[in-house]
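Data first, discussion second: the structure below is written as structure tokens.
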């Protein structure tokens, strides 16, 4: 029987059992006879038959089958590897499942694992690993390395580490692989632990090891250990490796050691583009953008080929110093060099335009981008928010969602900032709903931004809810809540939270600048002094913000002497420092000192702003400096070109009204270029009360009631004017009007701090400490006032009843109660410090003057308008 088969070279091959011999294949496809098989015969197989065993003995059949399987195995391996090389993972996996019972080569599994790693396909990678284990394939050497590589590349470090730990032969490649894997996810400490383990085991390190560990020490800002690595690099001869030196440069810059980075760069024999980029980005990151730009210019001058990273770093430098002209030049260069189509460049360019305030340019870049990613959208939103264009930022947030782009943490926080700046609680709530939907509340940065938004929108209840649900709180979380309470006039809550914070977090400079305004609000001098002590003990007194907050606290707590002392100690006073002192003198009625301070500020080269002018105009109005007030008003408009706002106009109306120029003040309001609000008209109404001008008061009240019909303070003020003119029918009519409108009068509330504890008194309330003693003292003082001929201002009781009932009503005013409590509770040498939420009434003012003279007590009372220093029977406000 003739049997034949096709071969790769000659077309035929000799049957393995011919000529009573075993044969082995030669390189050309023929066979060489081997002795030992008596049944062999020379035969040829047909080309269509791959294996026929008919007529052959059993042993010959098995040998032939094994040979054929080996050939098939070779073909299967080749076929799978071919699809791996083509990047067709699906087809490669399909063949793997088809041939999984065959014993494939380790090289085939390596190719599959490599492809899984490239595609980050962890599911397929696990399938390959499972088949390897089921088939009992030895996973040592290269295959084991590939398994670790696959798991690490797919982000499954735990499984990769498990294989690594059980491996007997751990080469430096695997050590570097895992170290880099940990570094990528921010677990720098574990990378460092592996590095130390390598040192213990004597693993020979290479340039990649040192580049990775330097990155880790830079992230941890561990200069000492990084310098040790530097020594080891020099000792092992890696100091000539550009990649290693570049990593060293980057390390030193990230640790703030720009001088060391510069020295390394200067000593380099061969610098590549990475070396130059490291210098540019390093200087930019250290706030030395101008130096970074100089390096970029030098790079161009020397003809060094810039890459995308060079362009991005140069643009970042321009953004840092807001150099729009240079940014445009770099933009033009990028267009010529072909970088303008690269996403990282266009995103950075967009960010530069936005940070430089050129939103039109940013919009142009954004609209002309071939593709916009989440970074592009976020840069635009952040740019709008920075420029105060909150509505545009919020609209863009909603637009990107409509286009199917999910905002990330940075997008959300930028949008929340826009909501906070505009006070748009409704928009903020919509962003909050998205945060809940995406389960982003667990992110610390997002939660902090949420609290800030709610606090700035005045919704402290929502801020509290976010704060209470946070699994972990950092110093920013606590500061945001304390600052929110302070800004929303919840001083007690701020102080309470400050106390709760201290066992958990150490207060920093931001904390004290947040809590000091709360002390100022409550006039809690003792608490403020305690915090001052903390500032001194912890070396925070060099911070400008802290010192300014301290001065402001002392000013508002009535300790003007301490405020002046601190102010004089500041070596370089900024605009805020000067403005606080000017406003402080104004509040305390020292107009001349305020004017002198304003002049000194200008002599020091500090230009006043809108707030500074409000403070000096306020000082002039409260001290009766009419001519000086007009002079400053004209200087503001004509020399500094500051357009007056409502607060400036209010100060001028108040200045005229206090000087008795009521008609002039009325004409001034009518001639204002902007619409006057109730505060402007209210200042004139106060002047009408001082000068008992009922007719003008009625005319002014019409405007006030039209603008703020629900504000009972205006009704009470007009009622006081009527009461002073003894127009009791008009007083009654106003009281009925208040009753019909169901308007609730703001209760007078005063408080005093005794040994660190605040005691609050409310007008008409009899439930207060030492009630009997206080009432007895006030009656006794009233009797002595009458005996000495002091007329009580009984009209302020606003009731047309007999004298006894008026006396009772007047004795119930909150500031009287607080002052009497201070007399009973404080030693004679201690100043009585009282704060009131409304203006002090005339009768209480007279009572305070009498106490200061009769009992020899100094009283400092801060009402809603100013400070009143009572001493020896007179007041700093001069009536």
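Residues satisfying the criterion are absent from the stretch 177-198 (criterion: in contact (Cβ under 8 Å) with a residue 12 or more places away in the chain, surrounded by fewer than 17 Cβ atoms within 10 Å (Cβ to Cβ) and within 30 Å of residue 102 (Cβ to Cβ)). So residue 732 passes all but one of these: (1) under 26 Å from residue 496 (Cβ atoms); (2) surrounded by fewer than 16 Cβ atoms within 10 Å (Cβ to Cβ). Which condition number does it fail? Against the list (1) under 26 Å from residue 496 (Cβ atoms); (2) surrounded by fewer than 16 Cβ atoms within 10 Å (Cβ to Cβ), residue 732 comes up short only on (1). For the stretch 807-830, the count of residues that are in contact with a strand residue (DSSP E or B) (Cβ under 6 Å, 6 or more places away or on another chain), in a loop (DSSP other than H, G, I, E, B), at pLDDT below 90 and within 20 Å of residue 720 (Cα to Cα) is zero. Just one of (1) closer than 22 Å to residue 157 by Cα; (2) in contact with a helix residue (DSSP H, G or I) (Cβ under 8 Å, 6 or more places away or on another chain); (3) exposed (fewer than 14 other Cβ atoms within 10 Å of the Cβ) fails for residue 204. It is (1). Residues that are over 46 Å from the mean Cα position of the chain (by Cα) and under 16 Å from residue 589 (Cβ atoms) were ranked within the stretch 851-871; the one that is surrounded by the most Cβ atoms within 10 Å (Cβ to Cβ) is 852.
Tell me which residues, restricted to the stretch 619-646, are under 19 Å from residue 666 (Cβ atoms) and crowded, with 16+ Cβ neighbours inside 10 Å. If the condition is that a residue be under 19 Å from residue 666 (Cβ atoms) and crowded, with 16+ Cβ neighbours inside 10 Å, then 621, 626, 629, 633, 644 are the ones that fit. Here the condition is being over 23 Å from residue 390 (Cα atoms) and surrounded by 16 or more Cβ atoms within 10 Å (Cβ to Cβ); of 482, 435, it holds for 482 alone.
Check every one of the helices (runs of 4 or more DSSP H) wholly within the stretch 544-605 and list those with 1 or more residues that are assigned by TED's automatic domain parsing to the domain that holds residue 867 and either at pLDDT below 95 or crowded, with 20+ Cβ neighbours inside 10 Å (or both). Don't jump to the end; show me each part of the working.
Working: elements: 544-556, 560-569, 575-587, 591-603.
The helices (runs of 4 or more DSSP H) meeting that bar number zero.
If you go through the stretch 85-96 and keep only what is surrounded by fewer than 16 Cβ atoms within 10 Å (Cβ to Cβ) and touching a residue at least 12 places away in the same chain (Cβ under 8 Å), you end up with 85, 87.
What pairs come up if the first residue lies in the stretch 101-120 and is assigned to a loop (DSSP other than H, G, I, E, B), the second is surrounded by fewer than 16 Cβ atoms within 10 Å (Cβ to Cβ), and their beta carbons are under 7 Å apart, counting only those six or more places apart or on different chains? Close Cβ pairs (under 7 Å, with a partner that is surrounded by fewer than 16 Cβ atoms within 10 Å (Cβ to Cβ)) amount to 103/135. Taking the listed residues 367, 387, 441, the one that is in contact with a helix residue (DSSP H, G or I) (Cβ under 8 Å, 6 or more places away or on another chain), within 27 Å of residue 320 (Cβ to Cβ) and surrounded by fewer than 21 Cβ atoms within 10 Å (Cβ to Cβ) is 387, with no other qualifying.
All conditions but one from (1) at pLDDT below 85; (2) under 51 Å from the mean Cα position of the chain (by Cα); (3) assigned to a helix (DSSP H, G or I) apply to residue 766; the one that does not is (3).
Among the residues of the stretch 306-328, is there at least one that is loosely packed, with under 13 Cβ neighbours inside 10 Å and farther than 21 Å from residue 359 by Cβ? Among the residues of the stretch 306-328, not one is loosely packed, with under 13 Cβ neighbours inside 10 Å and farther than 21 Å from residue 359 by Cβ, which makes the answer no. Screening residue 600 with (1) touching a helix residue (DSSP H, G or I) at 6+ places or on another chain (Cβ under 7 Å); (2) under 24 Å from residue 629 (Cβ atoms) gives one miss only, at (1). Within the stretch 833-850, the set of residues being surrounded by fewer than 24 Cβ atoms within 10 Å (Cβ to Cβ) and farther than 21 Å from residue 622 by Cα comprises just one member, 850.
Highlighted here are the helices (runs of 4 or more DSSP H) found entirely within the stretch 326-396 that include at least 3 residues which are outside the structural domain of residue 292 (by TED's automatic domain parsing): 374-386. Residues that are in contact with a strand residue (DSSP E or B) (Cβ under 9 Å, 6 or more places away or on another chain) and surrounded by fewer than 22 Cβ atoms within 10 Å (Cβ to Cβ) do occur in the stretch 499-521, at least one of them.
Checked against (1) in contact with a helix residue (DSSP H, G or I) (Cβ under 8 Å, 6 or more places away or on another chain); (2) more than 28 Å from residue 525 (Cβ to Cβ), residue 465 meets all criteria but (1). Total residues in the stretch 606-629 satisfying the condition of being farther than 29 Å from residue 662 by Cα and either in contact with a helix residue (DSSP H, G or I) (Cβ under 6 Å, 6 or more places away or on another chain) or part of a helix (DSSP H, G or I) (or both): the figure is 1. The number of residues in the stretch 492-520 being touching a helix residue (DSSP H, G or I) at 6+ places or on another chain (Cβ under 6 Å) and within 20 Å of residue 466 (Cα to Cα) comes to 9.
Yes/no matrix, rows are residues, columns are (1) at pLDDT below 90; (2) not assigned by TED's automatic domain parsing to the domain that holds residue 159:
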| residue | (1), (2) |
| --- | --- |
| 41 | yes, yes |
| 55 | yes, yes |
| 65 | yes, yes |
| 99 | yes, no |
| 110 | no, no |
| 118 | no, no |
| 139 | yes, no |
| 146 | no, no |
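Checked against (1) closer than 27 Å to residue 466 by Cα; (2) at pLDDT below 95, residue 417 passes all but a single condition, namely (2). Within the stretch 494-513, the set of residues being free of Cβ contacts under 8 Å to residues at least 24 places away in the same chain and either in a helix (DSSP H, G or I) or under 12 Å from residue 535 (Cβ atoms) (or both) comprises 496, 497, 498, 499, 500, 501.
Restricting attention to the stretch 705-720, does a residue exist that is at pLDDT 90 or above, surrounded by fewer than 16 Cβ atoms within 10 Å (Cβ to Cβ) and either part of a helix (DSSP H, G or I) or not assigned by TED's automatic domain parsing to the domain that holds residue 832 (or both)? There is at least one residue in the stretch 705-720 that is at pLDDT 90 or above, surrounded by fewer than 16 Cβ atoms within 10 Å (Cβ to Cβ) and either part of a helix (DSSP H, G or I) or not assigned by TED's automatic domain parsing to the domain that holds residue 832 (or both).
The values are calculated or read from the model by the stated rules, or taken from the named source; none is laboratory data. Please read all numbers here as calculations on a predicted model, not as lab measurements. For neighbour counting, all protein chains shown are included, and Cβ atoms are generated from backbone atoms with ideal geometry for every residue, glycine included.
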